[in-house]
Amino acid sequence: MNTVMIVTGESSGELYGSLLAKTLKSKMPNVHIMGVGGERMNKAGVELISGISDAFGIVEVFSAYRKVKAAFKKTVTAIKNLMPDILVLIDYPDFNIKVAEVAKPLGIKILYYVSPQVWAWRKGRVKKIAGLVDRMAVILPFEEGIYRKAGVRCEFVGHPILEEIESELQTPNSELRTIFKVALGLDPDRPLLSLLPGSRPHELKRLLPLMIDVVRQFKNNPEINSGKDYQFCIPLTPDTDEGRYSLYLEALRQEGVVIKKGETVKALAASDMAVVASGTATLQAAFLEVPMVVVYKLSPLTYLFGRLIVDVRHISLVNLLSDREVVSELLQHRANPEDIIKELKKIMFDMHYREEMLNYYRLIKRPFSGMRASERVAEIIMEMTGWKQ
């Protein structure tokens, strides 16, 4: 039987893994797909070896060490016992590079799909990855040249979040915004502020309390609420353990915030503006043309270490792709209710600022238009293995 192993370690990568699994199954119904992932990959027909860990940063990785170690042991055992025809690694470099080191001597073909952020930090990983993988499939246009320069056969395949968006809607417009408000059980006649606190445990732990304060101060700000009765929504990722954050979520519900699980695209499509944790969701918001403020908080130790080694001016994908500050980035102590509301007011009342932001969104979307990442990656897998549809 033809066998593929897909290994990912966090919510966004798990989404890409599930989209790839569905595409592979549509091309080869009898293919056996196993891997490390979550609920979405399982529903897409992947036999799970282990769940995702969502570890990130020095403090966060240390606290999740046992879980990561157990997942690695299960993954290595499965590789040695089942010998998949091809190993597909999705981002998650500290884990996946070690997995590649196990698979390489066994003669297993390795495709790295979704590059680690080698352009931001630990650039030496490019050479290491080049020596381990057979091919790279990258999802940001500028990454292709980085790996080709290192001698890796690499291809820009587009971004898989466009597939998720296109499965929900075709073109963002005001009418569809109303439709999606109704679909989420929201009032179609009231503006919507969506709050996206991320998916990793450390993000939720630091940003959910912030979101509570933002909603409270937003509601009590007379300038904002003069004639505008905003409603609020928090879309959580499918793998979020709601019980772990029940106190925060209950406080949000008490403030009238609608909490949805697995409805990020619908919530953003319905939104008039958003507060978004830096990550994939910023690109989703941009592709859906939602004006936003980007926020992020790390442990003090992780942040201090990051400042020493990270070599980029911006952290949000929107600003990185634009090579300028299109959206405001509020980090660490600047991620506070007062500064966030100040930026939201700018979006609400400064039409030039808002329109310029939307125009840059349209520019960064152009290189991705018409590309289907999962379709192309499935084709690359079949090229590498010699399988025929």
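Here the condition is being among the charged types (D, E, K, R), in a loop (DSSP other than H, G, I, E, B) and within 22 Å of residue 296 (Cβ to Cβ); of 213, 239, it holds for 239 alone. Evaluate the following for residue 261: is it among the basic types (Lys, Arg), buried (at least 19 other Cβ atoms within 10 Å of the Cβ) and in the same structural domain as residue 183 (by TED's automatic domain parsing)? Criteria not met by residue 261. Screening the range 329-389 for helices (runs of 4 or more DSSP H) wholly inside it with 1 or more residues that are at pLDDT 95 or above, aromatic (Phe, Trp, Tyr) and surrounded by 13 or more Cβ atoms within 10 Å (Cβ to Cβ) returns the ranges 351-365. Residues considered: 139, 129. Of these, the only one that is crowded, with 19+ Cβ neighbours inside 10 Å, modelled with pLDDT under 95 and not assigned by TED's automatic domain parsing to the domain that holds residue 344 is 129.
Counted as qualifying within the range 77-191 are the strands (runs of 3 or more DSSP E) with 1 or more residues that are of a type outside the set (A, V, I, L, M, F, W, C), namely 109-113, 135-138, 153-156.
Quick grid of which residues meet (1) at pLDDT 95 or above; (2) among the acidic types (Asp, Glu); (3) assigned by TED's automatic domain parsing to the domain that holds residue 317:
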position: 14; (1), (2), (3): no, yes, no
position: 19; (1), (2), (3): yes, no, no
position: 32; (1), (2), (3): yes, no, no
position: 50; (1), (2), (3): no, no, no
position: 56; (1), (2), (3): no, no, no
position: 62; (1), (2), (3): no, no, no
position: 110; (1), (2), (3): yes, no, no
position: 117; (1), (2), (3): no, no, no
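Within the range 180-210, the set of residues being out of contact with any helix residue (DSSP H, G or I) (no Cβ under 6 Å at 6 or more places or on another chain), without any contact (Cβ under 8 Å) to a residue 60 or more places away in the chain and either more than 14 Å from residue 296 (Cα to Cα) or not assigned by TED's automatic domain parsing to the domain that holds residue 285 (or both) comprises 182, 187, 189, 190. Just so you know, in the range 242-256 the residues that are in contact with a strand residue (DSSP E or B) (Cβ under 8 Å, 6 or more places away or on another chain) and in a helix (DSSP H, G or I) include one that is farthest from residue 189 (Cα to Cα), and it is 242.
The values are calculated or read from the model by the stated rules, or taken from the named source; none is laboratory data. Fair warning: this is a prediction, and the values are worked out from it, not measured in the lab. Reconstructed Cβ throughout: ideal geometry from the backbone, glycine too, with neighbour counts over all protein chains shown.
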